[in-house]
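What follows is a short report on a single structure.
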Amino acid sequence: MNAQDLVARAQKWSKEQPWRLFGSQISILVRNEVRRNLFTRRRIWIYLLALIPALIILTHLIVGKYNVDVAQMEIDTQVLAGIVQLYYFRLGIFFACMAIFTWLFRGEMVERTLHYQFLVPVRREVLVVGKFLAGGLVAITLFETAVFACFYLTYARFGSAGKSYVFDGPGLGQLGSYLLVTALACLGYGAVFLALSLLFKNPIVPGVVIMGWEAIAPIFPAWAQRLSVTFYLKHLCPVSLPVIGPLAIFTIVAEPVSPFIAVLGLLCLIIAILALSCFLIHRMEITYTAE
Amino acid sequence: MTSDARQIVFKNVSKFYGEVLGVNKVSFSLQPGITSLVGPNGSGKTTLMNLLTGLIGPSQGVIYVLGLTPRQPIEFFRQVGFCTQFDSFPPGTTGYDFIYWPLRLHGFGRDQAAKLTNEALERAGMAQVARRRVAGYSKGMRQRIRLAQAIAHHPSVLVLDEPLNGLDPMARAESIALFEAIAKQGMHVIISSHILEEVDRISDRVVLMSSGYVVAEGQIREVRREVQDHPMQILVRCSNAARLAAAAFELDHVVEAKILNDGHGVLVRTRDAEQFYLLLNKIVSGGLVEIDAVAPADDDVNSIYQYLIGSDGGPA
């Protein structure tokens, strides 16, 4: 079969697919999953995980509101970079995504409700995409809000100087980068944990292994580093952290790549992991007694 | 499409959970109508239903439902409705939402989905409580709301795993009437139940299962014929029981003839019912005995089940 035949087949296949139905099914799945995942008491600890840094900065703002030194702004910019890179990427988003995305399928197995999803005329690939997007929407909404709150509170205490840093200086660009990186982190970790939940009955242990891998990936060869989510995120962070002490392993950039390549690389990694999830979902069986 | 587009076909289907047998080498095909899966707990009824609907995959063999497989979910699940026996629901859902949203996933628009939802709720007798949360329903109501969801999209194949569990007598009668009405429209209704008398009454055919094997399959009377070597019981009400019993004993295939306590009838156990009926005809035409009534005493699912696997089949 030559390339022309292959293209013709792909076009024929594409024309035969009910794309509009897929679209409406995905929007319904997203709606239902968001209601199920976002507005529930079970998720309170995730809200706390996301908002703890903002609450600390708010306390700092209230306590130190009569002692504002503009020279402190540069240090606070570094602190904010540390909060995003060390807390959110390594802990907050990581564990929140572990909870949100592993629950999408494994949670339904625990609650014995997954069979309802398998008994409707929805392709399982569509189910994976719908659930992934729903999880992504929840995680992104939560952490973008949290990062935005941290950013706002960090510069709000400096009054006009802070305003000037944001609107006339590099502030707005940094905020844009943080929001982009946060969204990519949510989707990247989300894809990983979705796949893990389809591979393992208890994805917690493999999740911890992934956490270890993300931490030590920088000491591995360049090709291996590309299999880590933080490899791509680090290249997109607008403020570099000083490389000091044992935490340096989290901040060093072994082989710099352009932001465009970093975004594209991470999106490719996400698509590859989702493709794996689509393959795995076909092997999934409803055997609640084994859970 | 590799099989009859009106049949449900199992071809040499086996399912193993590791080393544990689910079902083994199951082969049969079902025509439209009501089919009952009967067997004790662990006999493989639910496994068979889960295989049929793709909730689990076969270790061996193939299954076609109206020529389709669950690997074509869009076409397949428009034809198939499955009321499982899992008594669990998405948290916080109301009865209405439980039916409405799956219909939207079928591709129905808002109005059409709402219309079908209300229709299904009416048919299941759940319209009055549809806006309440399912978590507050009684067991019977939960059973009926699952049934409503299974029938809402008007499937051609309705699979019901223990659908009468938890229903009060009136709801049970209504459900049975509903199954019969669906079957009369030329659809497949596949029911598993341990309430043998009820499935016996409504079934067109039975599939008897034991330890993962299909031990008999077909119309109840056909299945009975499959067990020819086991004597069949025939109850004869007559004027002269002693004479009838004596005549019956002269036949080789009659293994027992027991006069009833009231003296007005005989319970005959025979390996050849047709020959015995011929004898009865002779007796009647000879005027020796006046026959009031003749009826097979064990031509129901429960008796057949006892013959085949030495168990009464339930409760599951």
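Values quoted throughout were computed directly from the atomic coordinates according to the rules given, and no laboratory measurement underlies them. All values reported here derive from a predicted model rather than from experimental measurement. So basically every Cβ, Gly included, is an ideal-geometry build from the backbone, and we count neighbours across all protein chains shown.
Computed from the C-beta positions of B:ALA177 and A:SER160 and an R0 of 45 Å, the FRET efficiency is 0.05 to the nearest 0.05.
The GNM of chain A, with springs linking C-alpha atoms under 10 angstrom apart, assigns the highest mean-square fluctuation among A:GLU16, A:GLU125, A:GLU144 to A:GLU16.
Structural descriptor for the stretch A:112-183: relative contact order 32 percent, calculated from alpha carbon pairs under 8 angstrom and at least 6 residues apart.
From least to most packed, judged by other beta carbons within 10 angstrom and beginning with the fewest, A:VAL229, A:VAL205 follow the order A:VAL205, A:VAL229.
Ranking A:GLY207, A:LEU280, A:THR141 by Cα position along the charge dipole of chain A, where only Lys, Arg, Asp and Glu carry charges on their C-beta atoms, puts A:LEU280 farthest toward the positive end. Placing a pseudo-label 7 Å from each Cα along the Cα-to-Cβ vector at B:ASP87 and B:GLN31 gives an inter-label distance of 3.8 nm. Sequence neighbours fewer than 8 away in the same chain don't count; with that in mind, list the lysines whose C-alpha is under 26 Å from A:LYS163. Result set, ordered by chain and number: A:LYS65. Between B:ASP4 and A:PHE167, the simple spin-label model (points 7 angstrom out along Cα→Cβ) gives 7.9 nm. Full extension of the chain between B:ILE259 and B:LYS139 gives 38.6 nm of extra length, using 0.36 nm per residue less the Cα-Cα distance.
The charge dipole of the stretch B:226-306, taken about the Cα centre with unit charges on the Cβ atoms of Lys, Arg (+1) and Asp, Glu (-1), comes to about 320 debye, rounded to the nearest 20.
Here's the thing: no aspartates and glutamates lie within a cross-link span of A:LYS12, going by alpha-carbon distance under 17 Å and ignoring same-chain residues fewer than 8 apart.
A cut-off of 5 Å between modelled amide H atoms, ignoring neighbours fewer than 5 places along the same chain, links B:VAL254 with B:ARG271. One quarter of the surface of the convex hull around the alpha-carbon atoms of the stretch B:19-130 equals 9.3 nm², the direction-averaged projected area. Short-range pairs are left out: with C-alpha atoms under 8 Å and at least six residues apart, the relative contact order of the stretch B:143-285 is 15 percent.
By the count of neighbouring beta-carbon atoms within 10 Å, fewest first, B:ARG144, A:ARG124 end up ordered A:ARG124, B:ARG144. Phi-derived couplings, Karplus 6.51 cos²θ - 1.76 cosθ + 1.60 at θ = phi - 60°, listed residue by residue for the stretch B:68-75: 10, 10, x, 6, 10, x, 5, 6 Hz, with x used for Gly and Pro.
With a threshold of 29 Å on the Cα-Cα distance, the over-threshold entries among B:LYS45/B:LYS184; A:LYS201/A:LYS234; A:LYS201/B:LYS115; B:LYS15/B:LYS139; B:LYS15/B:LYS115; B:LYS115/B:LYS184 are A:LYS201/A:LYS234; A:LYS201/B:LYS115; B:LYS15/B:LYS139; B:LYS15/B:LYS115. Applying Stokes-Einstein at 10 °C and 1.306 mPa s to the Kirkwood radius of the stretch B:82-200, computed over alpha-carbon pairs, gives a translational diffusion coefficient of 110 µm² s⁻¹.
Across chain B, Cα pairs under 8 Å and at least six residues apart give a relative contact order of 20 percent. P(r) tail, the protein assembly as shown: Cα-Cα pairs separated by more than 30 Å, 64% of all pairs. Backbone phi angles across the stretch A:188-196, fed through the Karplus curve with coefficients 6.51, -1.76 and 1.60 (θ = phi - 60°), yield HN-Hα couplings of x, 5, x, 4, 4, 6, 4, 5, 4 Hz in residue order; Gly and Pro are listed as x. Using only Cα coordinates, the Kirkwood hydrodynamic radius of chain A works out to 20.8 Å. Look at B:ILE151, A:ILE100, A:ILE93 and count the other Cβ atoms within 10 Å of each Cβ; fewest to most, that gives B:ILE151, A:ILE100, A:ILE93. Build a GNM of chain B with springs between Cα atoms under 10 Å apart, and of B:SER27, B:SER138, B:SER193 the one that fluctuates most is B:SER138.
When the Cα centres of the stretch B:90-114 and the stretch A:114-183 are compared, how far apart do they sit, in Å? Cα centroid to Cα centroid, the span is 30 Å.
Estimated from the Cβ-Cβ distance and a Förster radius of 30 angstrom, the FRET efficiency linking A:ASN67 and A:TRP45 is about 0.35.
Between the stretch A:46-106 and the stretch A:1-19, the C-alpha centres lie 48 angstrom from each other.
On the beta carbon distance between A:GLU74 and A:TRP19, with R0 = 56 Å, the FRET formula returns roughly 0.65. Averaging over all projection directions, the Cα-based convex hull of the stretch B:226-306 occupies 5.2 nm² in the image plane. Taking amide hydrogens as placed 1.01 Å from N in the peptide plane, the amide H of B:GLN60 sits under 5 Å from those of B:SER14, each at least 5 positions away in sequence or on another chain. For chain B, the alpha carbon convex hull comes to 160 Å³ per residue, rounded to a whole number.
Going toward the positive end of the dipole of chain B, with +1 on Lys and Arg Cβ and -1 on Asp and Glu Cβ, which of B:SER29, B:LEU105, B:GLN72 do you reach last? It is B:LEU105.
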